[in-house]
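The structure appears right after this line, and notes come after that.
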Amino acid sequence: MLVAGCDVGSLTAKAVILSDGKILSQAVRRANSRPEESAKEIMDLALADAGLAFSDLAYVIGTGYGRRQISFVNEVVSEIVCHGKAAQWLNPSVRMVIDVGGQDAKAILVDENGSVVRYVYNDKCASGTGRFLEIMAEALEVPLGELGEQATISQNPVSISNQCTVFAETEVVSLLNNGKAIPDIASGLMRAMAHRIAALAKSIGLEPEIAMSGGVAKNQGMFSALEEVLGLKIMRLEGDPQINGALGAALLAEEAMRKTVS
Amino acid sequence: MLNEFSEVAKTLSNRFIQQWKDDGKQVVGFMCSYVPEEIICAAGLLPFRMRGIGASSTSIADTYFGPVICSFPKCILQLAGEGKYDFLDGIILIPGCDSIRRIDECWRKAAEESHGKFPPFHLYYGVPHKLTDYSLEWFVAETRKLVESLERHFGRKITPEDLTHAIKIYNQGRILLTRLDELRAGENVPISGADATAVIISAGVMPRDAYNRLLEELLQKLSRSTNGMTGKKRLLLAGSIIDDIDLVRLIEASGGIVVADTLCFGSRSYVDLVEEDGDPLVAIARRYLSHKLCPRMFGSYKERLEFMKQRVRQARVDAVILQNIRFCDMHGSENSLYERDLEAMGIPCLKIEREYGPLVEEGRIKMRVDAFMESLNT
Amino acid sequence: MRKEYREYHFDRMVQSIIHFASLAYDGTPKEAFGMFRYAPRFREAIETILKTGEPGVLLLKMIDKYLIEVLTAHERGKKIALCTFNFSPGVLKPLDVVPICLEPVTTLGVMMWLRGLGEYLNYCCEIGFTETSCSAQRGALGAYLAGLGVKPDFVLCNSIGVCDTNATAFNFAAEYLDLPFYQLNAPPLLTDERSQKYHRQDFRGLISFAEEQTGKKLDVDLLREVIIETDKQDMIMCEIEDLMRLVPSPVPGIFNVFMYSAKYIYGGSKEATDVMASMLEVAKRNASEGRAGTTSGKEDARAFAVYVDHYSAQLRPWSWLDSKNISHLGCMMNGFWPVHAPYAEENLKEGTYIMDSTNEDTMIDSLADQMSRMPMVKQIRGPYDDPHQWLSDTMASIRTYKPDFCMYTGTIGCRNTWGAIKILARDTEKMGIPTLIIFGDAFDHRITSWESMRDKIDEFLTVRGILK
Ligand SMILES: Nc1ncnc2c1ncn2[C@@H]1O[C@H](COP(=O)(O)OP(=O)(O)OP(=O)(O)O)[C@@H](O)[C@H]1O
Ligand code: SF4
Ligand SMILES: [Mg+2]
């Protein structure tokens, strides 16, 4: 049985195709301003990779910020549920998932079945998201992928406590002008953001079996900064954490099919 | 000697606190200039004005506080959560302003959840927002409750003599600080605004008799000083809380000199004396409730404007810097009224909004002050 | 402020819209809805109100009457007071003063106009408010400060000690327009003798102040009328609230906002009583038929808002909840605490008020007690978990109305509720009530659009298994 999940986030679109509990193909791509179009493109990419046609899919679930605009799916589900599902499937002991995407950061508590118990989004005015890091990478003129590495070599992280992206950007510029080293600023930024994400997680009650998903989980600097701030080891889940929303959607699609069969 | 003050102002747990604790005595923190330090002192305790310096994030505070809250109480809670306030034996919280009063429940929840870092004594002390005969009556009763709670918890009776003694010491401190202001008001300014701020802040965080002695020495030295600063633009600093001398230093780096302030860590804390005769407790309550220099006393803007004008005149101020911490609507809005009224009198004003905390916005603030100073000089 | 905004008086505009909307219904429904073609912008809000039938019409007529009273007050030789919303207007009648109930007028504006009150909100910032200050005042106040409305003669504020940003706005207005200012101040405690005495003396100060401003004496006969009417109207309100306990709740969710609007604008007057009586009829009818107050007559879930409602979306939050068969069981703004209130459980009776018409003194005390227990004045004055404060009142409402979930939406100006909401939500969650905190602004749709708030609520209802 072939099913798929399609996650159109605020920054990227993701798709995963599952065949009887195995990932057949996956795709990630920057989304454009039309979720419908992004969804189509990413689905086509994943299908092409697997050598399949859309009609081969038995069930498709859409999720993410743009989920309501995807017309070809059978069902839409909140990304909260999808991220919870995927993380728990990848490692059944997971009880808390922190998803940091482009626009939102979320902390999700799940039970042993992967069902959501409680969750919380970041306060809108605080900058604890992937987009924040992108803007800062631009201000520092460092490729986003390198920002995390830069942070890990810092000897002397600067302290950055500005809550607001706009303020923080000017702050970064003035730190540069004052001759602070890029790794130290990068590390300061990661810590500041890690602190904000930690506060989010703590506000609904931290669980030690914690995993991270979303594109920002690929940022090594961020990953370790968060571990340091939480004082906990974060589980390393198998595969690309950025596709977990889509993966969760595909898993739920499989469940839905199983239900209709039985 | 100035070094001594600036050391005290820059470190949260300064050497006087450590000495005090080593002597086996206790420290009680208080949140705002509307808490009568005299009473804490009369109980044989060291009153410590709560500060947020040195906090480098607000991650602990943000699990309790929501967004859109002033960063000053957040930094305080953060420090407490990190164990940096472990020298406290108690804390007195108060409805100074809304951000300040909301630390109450956040503090208690944080205390429940992080064993041992928070002091055992906790009291919420109400202060009305207006002065009338009935509000004073209410406040006297509230102040009596404060006395009783301290007595009960710390096991020491506060006698009228204790109170009278404390009143004397604090009044003396206030008089000395007023003399410092007079020296700063002279043509030849013997002390930078940053250093003066350090001296003033120290008053709230060290034993007052030791403080008075130190200050007296300093005043003697300053009054003999001949190499003061002249020719600089003379500034008055107003608005939200400032207990960060680096911020004052940053402002002065643009060429001006801060010669006066109307801040609550600053001159507002020492302008009114407590009457020395009559029932000491009532006298203390009257001093604090009559104090209208914080915008928390609504409806008294005109009196505050008068005070501001008086400071401007006395210290021969050329320009006023009106700043507010983000989310402080009281100072923020009132700053606009000051701007309107002072500029009408020909006194240039600079209005800025800032965050509380380690000079995170150094660049932004510097740019504005620079431009302002330039406009003053042309 | 853009030029075209300076062309018309804000209060006059609001009044004429309400006026025509309320008249339209006197004609045939076809005529009424025909009129809406010419009023596409505020159509949605008015339709939502009129859909309720008689209560909605009466409400609009009541608001219309009120606005005319304000607009013509000076012609009729009466003084106008700029008041906070949490100011029970009953006492002003025997003082011959007409109130501008500021936040309710802001609410009317943001509900009626698709574009909201952005221009007025910004105007306040232009002349000196911080942009972080509460939007509930900044909305209509911007118009008044710009001279685009009647000119108040003095300011009466009931938020001192309760909410700084609110008090600051009124304080600023008084300074800016150079008006006399009286403030009622709430100490952190409510029911102890010392605080009760304080409130009663403070309230007498208000009466003397108003007498000074008008040169007239408090009219004791009118005062008695207000006392009797208040009691009557409270009884009806409490009966409606009592019906809300039924499952399904026979009370349409929007009645809650009708109730507090009526109290804020005409508390203690017959105008408000009539609206309440009409609502009670509808609710009773629904109850006798076992119908929910929703349009479909079904109830799939029950909601309670722990703070305010969301006003800046042409009443869409109410119609959306209604379309989902969710009974909206009110919010903190409904917490007036008359002695008959169903949520005033036995151990909470101290926090209530009674209307005692024995003599002038008892009458003034009654109004003083009522004033000190107005929504927000009562709950936000002290530590959130003190007796009679936010937590205890929220818990009482939860026990009374048995909601399936709670929501928090507020304004970005609200230091107090934003200061304690994370802690409060933990407590309600612990009680087993899923609680959603939404970042948005009740009076400024530019902060978060209703559509995105709606998606968050929708997601919450599904993820937390509230709507199956
Ligand atoms: N290779 C990488 N290294 C570091 N960071 C990365 C990498 N790839 C993506 N990111 C980060 O991930 C973010 C995007 O994450 P993601 O794709 O999960 O967002 P989204 O799902 O579109 O957003 P949201 O869930 O908020 O709607 C980027 O902003 C970037 O910061
Ligand atoms: S600004 Fe006023 S309320 Fe705030 S801490 Fe200072 S004195 Fe207290
Ligand atoms: Mg995502």
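The values are calculated or read from the model by the stated rules, or taken from the named source; none is laboratory data. Bear in mind that the values here come from a model prediction, so they are computed numbers and not experimental data. Please note: Cβ atoms are built from the backbone with ideal geometry, for glycine as well, and neighbour counts cover all protein chains shown. Accessible surface is based on the protein model in full, side chains and every heavy atom, while ligands, DNA and RNA are left aside. Shrake-Rupley method; radii C 1.70, N 1.55, O 1.52, S 1.80 Å.
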Ignoring ligands and nucleic acids, what accessible area does residue C:320 show with a 1.4 Å probe (Å², nearest 10)?
40 Å²
If N is the residue count of the stretch C:3-218, its Cα Rg over 2.2 N^0.38 Å rounds to 1.09
Size of the C/B contact, given as accessible area buried on both chains, probe 1.4 Å, in Å²:
4300 Å²
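Work out the mean other chain Cβ neighbour count within 10 Å for the residues of A:74-83 and drop it here as an integer. Please list the in-between numbers first.
Details: counts 0, 0, 1, 3, 7, 2, 5, 3, 0, 0.
For peptide A:74-83, the averaged partner shielding equals 2.
What average count of beta carbons from other chains do you get within 10 Å of the Cβ of residues in B:93-100?
On the way: counts 1, 1, 9, 1, 4, 15, 5, 3.
For this peptide, the per-residue mean of nearby foreign Cβ atoms is 5.
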Just to be sure I understand: if I project the alpha-carbon convex hull of the protein assembly as shown onto a plane and average over all orientations, what area do I get in nm²?
45.7 nm²
Karplus (6.51, -1.76, 1.60) ³J(HN,Hα), θ = phi - 60°, over the stretch C:435-440, in Hz, Gly and Pro reported as x
10, 10, 9, 10, 7, x
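Would you mind computing the Rg to Rh ratio of the stretch A:19-110 from its alpha-carbon coordinates, Kirkwood style for Rh?
Working: Rg = 14.1 Å, Rh = 14.6 Å.
Rg/Rh for the stretch A:19-110 comes to 0.97.
Give the relative contact order (percent, whole number) for chain A; include only Cα pairs under 8 Å separated by 6+ residues. Intermediate values should be presented prior to the final figure.
On the way: 569 pairs, mean separation 64.5, N = 262.
Reported relative contact order: 25 percent.
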From the C-alpha gyration tensor of chain B, square roots of 5λ in Å
31, 24, 21
Any residue on another chain or 5+ positions along whose placed amide H is under 5 Å from the amide H of residue C:339 is listed here as C:353
At most 15 other Cβ atoms within 10 Å and a DSSP loop assignment: could you name the GluC sites (Glu not before Pro) in the stretch A:140-235 that fit?
A:141
Send over the Kirkwood Rh of the stretch B:102-193, from the inverse of the averaged 1/r over different Cα pairs, rounded to one decimal Å.
17.3 Å
Once amide H atoms are placed 1.01 Å from N in the peptide plane, what residues at a sequence separation of 5 or more from residue B:91, or on another chain, have their amide H within under 5 Å of its amide H?
B:29, B:121, B:122, B:123
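Looking at the stretch B:245-308, which GluC sites (Glu not before Pro) are in a loop (DSSP not H, G, I, E or B) and have at most 13 other Cβ atoms within 10 Å?
In loop regions of the stretch B:245-308 (DSSP not H, G, I, E or B), the sparsely surrounded GluC sites (Glu not before Pro) are B:276.
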The correct ranking of B:31, C:355 by accessible area at 1.4 Å, largest first, is C:355, B:31
Quick calc: nm separation of the 7 Å Cα→Cβ label points for residue A:29 and residue C:37 -> 4.7 nm
Could you tell me the calculated FRET efficiency between residue A:236 and residue A:74, based on Cβ-Cβ distance and R0 = 41 angstrom, to the nearest 0.05?
0.80
Rg and Dmax in Å for the stretch C:399-468, alpha carbons only: what are they?
12.7, 35
Can you list the lysines whose alpha carbon is less than 23 Å from that of residue A:259, not counting same-chain residues fewer than 8 positions off?
A:22, A:85, C:468
Gap separating the Cα centres of the stretch B:259-325 and the stretch C:1-21, nearest whole Å:
43 Å
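Give the average over all directions of the projected area of the C-alpha convex hull of the stretch B:283-331, one decimal, in nm². It would help to have the intermediate numbers written out before the result.
On the way: hull surface 18.3 nm².
Averaging across all directions leaves 4.6 nm² for the Cα convex hull.
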Rounded to 0.05, the calculated FRET efficiency for the beta carbons of residue C:72 and residue C:1 at R₀ = 35 Å is 0.85
Expected-Rg normalisation [2.2 N^0.38 Å, Cα atoms] applied to chain A
1.02
Per DSSP H run of n ≥ 4, the term is -39500 (n - 2.57); total these for chain B, divide by its residue number, and report the mean residue ellipticity at 222 nm rounded to 500 deg cm²/dmol.
-15500 deg cm²/dmol
Cut-off 10 angstrom, C-alpha nodes, Gaussian network model of chain A. Which of A:214, A:114, A:179 fluctuates the most?
A:179
In the structure displayed, which of A:106/B:74; B:366/C:3; B:10/B:84; C:232/C:284; B:309/B:351 lie more than 24 Å apart, Cα to Cα?
B:366/C:3
Grab the Cα-Cα distance for residue B:22 and residue B:165, subtract it from 0.36 nm times how many residues apart they are, and report the gain in nm with one decimal.
49.1 nm
How far apart, in nanometres, would the label points at residue A:207 and residue C:115 be if each is projected 7 angstrom from Cα along the Cα-to-Cβ direction?
5.0 nm
For residue B:13, net neighbour charge (Lys/Arg +1, Asp/Glu -1) across residues whose Cβ lies under 9 Å away:
+2
Here the net charge surrounding residue C:159, from other residues whose Cβ is less than 15 Å away from its Cβ (Lys, Arg +1; Asp, Glu -1), is +3
Rg/Rh ratio calculated on Cα atoms of the stretch A:92-236 (Kirkwood radius)
0.98
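In this model, which of B:25/B:168; C:324/C:349; B:292/C:217; C:270/C:349; A:14/C:298 are farther than 28 Å apart at the alpha-carbon?
Values: B:25/B:168 21 Å; C:324/C:349 35 Å; B:292/C:217 31 Å; C:270/C:349 26 Å; A:14/C:298 39 Å.
The answer is C:324/C:349; B:292/C:217; A:14/C:298.
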Using 0.36 nm per residue, how much length does the chain from residue C:455 to residue C:217 gain when fully extended, once their Cα-Cα distance is taken away?
80.3 nm
Give me the tail of P(r) for the stretch B:10-160 as a percent: Cα-Cα pairs with distance above 20 Å.
49 percent
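Can you compute the helix-only [θ] at 222 nm over chain C? Use -39500 (n - 2.57) per DSSP H run of at least 4 residues, normalise by all residues, nearest 500 deg cm²/dmol. Display every interim value, and only then the final one.
Working: 17 runs with 238 residues, N = 468.
That comes out to -16500 deg cm²/dmol.
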Which value at 222 nm does chain A reach when only helices count, each DSSP H run of 4 or more adding -39,500 (n - 2.57), with the total divided by all residues and rounded to the nearest 500 deg cm²/dmol?
-14000 deg cm²/dmol
The stretch C:259-305: translational diffusion in µm²/s, Stokes-Einstein, Kirkwood Rh over Cα pairs, 37 °C, 0.692 mPa s
269 µm²/s
Radius of gyration and Dmax for the stretch A:78-143's Cα atoms, expressed in Å?
14.1, 44
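Translational D (Stokes-Einstein, µm²/s) of the stretch B:254-367 at 37 °C and 0.692 mPa s when Rh comes from the Kirkwood sum over C-alpha pairs?
Values: Rh = 15.8 Å.
Taking Rh from Cα pairs, D becomes 208 µm²/s.
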If I model a spin label at residue C:224 and residue C:402 as a point 7 Å from the Cα along the Cα→Cβ vector, what separation in nanometres do I get?
4.4 nm
Give me the distance between the Cα centres of the stretch B:170-235 and the stretch C:286-336, rounded to whole Å.
62 Å
Computed curve, chain C, Cα-only Debye sum without solvent term, log₁₀ I(q)/I(0) at 0.06, 0.08, 0.10, 0.11 Å⁻¹, is -0.23, -0.42, -0.69, -0.85
